[in-house]
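Colleague: If you scroll down you'll find the structure; I have some questions about it.
The values are calculated or read from the model by the stated rules, or taken from the named source; none is laboratory data. Since the structure is predicted, the reported quantities are computational estimates derived from the model, not experimental observations. Note that we place each Cβ from the backbone using ideal geometry, even for glycine, and neighbour counts take in every protein chain shown. Surface areas here come from the heavy atoms of the whole protein model, side chains and all, with no ligands, DNA or RNA. Shrake-Rupley method; radii C 1.70, N 1.55, O 1.52, S 1.80 Å.
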Amino acid sequence: MQRNSAKSIIFYNGPTDKSSCGYCKKDKSSCSNGLWASSLTVEAYQDMIDRGWRRAGKYCYKSIMDKTCCPLYTIRCEALKFEMSKSQKKVIRRVTTFLKNGECEKNPVHTEQAEREPFMKCEVENIQNHDDKMKIMSTDYLLNEEQSTSDIGSSNDTLEIINEEVSKMDVPLNLNCNSEAQKVPKKVKPGKGADPNLPSSKKKFLRIQKKLAKDPNFVHTISPPEIKLLEEYIAENDSVCTGEDKKLRVTLVKTGTEAFSQTFIAGATLFAKYQITVHNDTPDDCNTEQYLSFLVDSPLKEEKSNHPHHPGYGSFHQQYWLGDKLIAVGVIDILPKCVSSVYLFYDPDYHHMVLGTYSSLREIHLVRELHKMSPNLKYYYMGFYIHSCPKMRYKAKIRPSYLLCPQKYTWHAIEKCIPKLDNKSYSIFDESDDTEDNDNFTIDHILVLYRGALMPYSTYKIIGHNQDEQIKEYKILIGPKLVRKLIYCIMD
């Protein structure tokens with residue numbers, strides 16, 4: 001990574017007033033800390049999300065975990081070890097089938113089920129307490145089509161996807177109503193069979209012995225099943241071309257560039273269509289100003305990579321084109337260690353392509369490709385995990401995934417965290433006695449920007465006002481490492 005001289009400048013707001021929660025629907029129960037970022041280096045923002053922060057436009061927020069009703073746990077997937085589930089494979093095959101023959105049925109959109117993740121406006125209300133002019137919507141937004149039959153359609157693939165989920169339940173359910181599929185099994189004449197008193201391994205050994213007795217040249221081998229990698233599925237997907245109008249192109253565009261400006265109108269139009277159709281927003285809720293402030297404006301400063309084919313670091317739109325039509329956009333940040341998903345919006349007319357899940361797989365694929373050029377980049381950050389919100393639990397199925405301990409800021413396998421979260425919504429995953437390194441950096445050394453002049457906080461206290469309590473709170477939330485890199489802006 002090529003270092004630049006960009007500075008990270010923030011305006012700390014402190015705790016927000018309690019507001020209604022979009023997850024549990026309780027009034028005045030959700031609370032978080034917030035700050036506005038005028039500019040952030042990608043290294044600084046990487047450190048922030050590794051301490052539980054997350055951005056929406058230029059606003060960054062962090063849940064007050066032990067006080068809010070629905071704690072928000074940062075979740076990430078180790079993309080290099082990503083294990084595709086059966087249903088995820090079927091989603092890619094579904095897209096391939098559509099590209100080949102266009103047979104996927106277009107079903108009406110059900111707004112309550114159309115998201116990659118439930119659309120929650122609790123963050124919006126918190127942010128609007130600080131700035132009513134800026135409409136910020138939840139960035140924790142992933143479409144969970146895998147839990148909805150109407151989202152996916154009525155094809156055989158749909159039944160297989162649903163049956164996979166049903167098979168994990170204790171309740172038996174046959175989704176195939178075709179009477180021919182429910183034939184009575186044939187009666188098989190009972191034979192002597194293997195000795196049931198022998199262990200299964202012993203039975204297998206006896207079978208091999210019989211084979212050897214008949215054929216001395218018999219060689220017993222077990223061929224391991226071939227495992228198809230995510231890259232192979234994606235390559236197969238991209239190779240389909242039955243016509244220019246059915247050719248899927250996925251392009252990565254850096255915000256603020258000439259290439260981005262050329263697709264700006266298409267993106268803003270698609271965003272409005274999506275918000276109005278899926279979320280019942282009014283046109284004023286999703287106009288160009290909102291699109292700019294929420295999905296285009298970013299505090300992240302672009303940094304270039306040393307690798308000639310690396311797109312660099314900063315904020316991007318991953319665009320999905322079907323022919324010359326934009327059908328989906330994944331808003332992402334490329335950071336030193338990860339690709340961080342910010343938001344997804346898509347054309348509701350193509351809802352049958354299960355674009356929420358599909359885009360997640362493409363973003364994991366992007367991490368794996370970038371890792372080849374940047375070895376430290378190997379994680380896919382999926383935003384927040386709220387255990388009390390059932391529709392969000394699908395994130396745990398993107399494996400292997402890890403949750404961030406809200407106290408020690410260490411990562412823990414989600415399988416080990418879930419039992420604790422079942423008992424208590426706010427849990428500490430790291431119960432060791434380890435503490436952060438000794439911190440000799442006092443608040444007096446924090447850099448402050450005041451009336452255009454840069455100075456240590458100790459100097460500001462002489463010419464300005466004492467803000468010790470707020471500065472101490474800010475230092476704890478940001479952490480001893482990052483607080484040395486940020487410039488704390490104070491307004492009169």
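Colleague: With a cut-off of 8 Å between alpha carbons and a minimum separation of six or more residues, what is the relative contact order of region 285-409 in percent?
Modeller: Values: 141 pairs, mean separation 20.3, N = 125.
Across region 285-409, relative contact order equals 16 percent.
Colleague: Taking 0.36 nm per residue of separation and subtracting the Cα-Cα distance, what length does fully extending T282 through K481 add? Kindly include the intermediate steps, with their values, before the conclusion.
Modeller: Numbers: separation 199, 0.36 × 199 = 71.64 nm, distance 4.30 nm.
Result: 67.3 nm gained on full extension.
Colleague: So what is the relative contact order for region 359-436, in percent, with contacts set as C-alpha pairs under 8 Å and at least six apart?
Modeller: Computed over region 359-436, the figure is 19 percent.
Colleague: I'd like the Karplus ³J(HN,Hα) series for region 395-402: coefficients 6.51, -1.76, 1.60, θ = phi - 60°, whole numbers in Hz, and an x wherever there's a Gly or Pro.
Modeller: 4, 5, 8, 8, 10, x, 10, 9
Colleague: At q = 0.21 Å⁻¹, what log₁₀ I(q)/I(0) does a Debye calculation on the Cα points of region 309-412 give, no solvent, two decimals?
Modeller: Treating every Cα as an identical point scatterer, log10 I(q)/I(0) equals -1.23.
Colleague: What percent does the relative contact order of region 11-84 come to when contacts are Cα pairs within less than 8 Å and at least six residues apart? Let's see the in-between values first.
Modeller: On the way: 98 pairs, mean separation 20.7, N = 74.
The normalised contact order for region 11-84 reaches 28 percent.
Colleague: Okay, moving on. Hey, got a sec? Which GluC sites (Glu not before Pro) in region 421-492 land in a DSSP loop and have at most 14 other Cβ atoms within 10 Å? Could you put the intermediate results ahead of the total?
Modeller: On the way: sites: E431, E436, E469, E473; in loops: E431, E436.
The qualifying sites are E431, E436.
Colleague: Follow-up question, since we're still on this one. Once each part is reduced to its C-alpha centroid, what is the distance from region 398-446 to region 264-309 in angstrom?
Modeller: Cα centroid of region 398-446 versus Cα centroid of region 264-309: 32 Å apart.
Colleague: Moving on to the next point. Take the Cα coordinates of region 416-492, assign each an equal point scatterer, and use the Debye formula without solvent to give log10 I(q)/I(0) at q = 0.13, 0.14, 0.24 Å⁻¹.
Modeller: For region 416-492 at q = 0.13, 0.14, 0.24 Å⁻¹, log10 I(q)/I(0) is -0.54, -0.59, -1.10.
Colleague: While we're here: What's the extension gain from K214 to E431 if we count 0.36 nm per residue and subtract their Cα-Cα distance?
Modeller: Numbers: separation 217, 0.36 × 217 = 78.12 nm, distance 6.11 nm.
Between K214 and E431, full extension yields 72.0 nm more.
Colleague: How high is the FRET efficiency between V240 and D66 when r is their beta carbon distance and R₀ equals 51 Å, given to the nearest 0.05? Intermediate results must be reported in sequence, preceding the final value.
Modeller: Working: r = 50 Å, r/R0 = 0.98.
It comes to 0.50.
Colleague: Same structure again: For the cross-link pairs K81/K397; K90/K372; K81/K246; K89/K397; K254/K391; K28/K395, which exceed 22 Å when the distance is taken from alpha carbon to alpha carbon?
Modeller: Listed pairs above 22 Å: K90/K372; K81/K246; K254/K391; K28/K395.
Colleague: Please list 3J(HN,Hα) in residue order for region 60-65, calculated via the Karplus relation 6.51 cos²θ - 1.76 cosθ + 1.60 where θ = phi - 60°; whole Hz, with x for glycine and proline.
Modeller: For region 60-65, the Karplus-derived couplings read 10, 9, 9, 4, 7, 4 Hz, x marking Gly and Pro.
Colleague: Where the accessible area of region 344-492 is counted over protein heavy atoms with a 1.4 Å probe, how much of it, in %, is carbon and sulfur? Don't skip to the end; give the middle numbers.
Modeller: Working: 3550 of 7050 Å².
Of the solvent-accessible surface of region 344-492, carbon and sulfur hold 50 percent.
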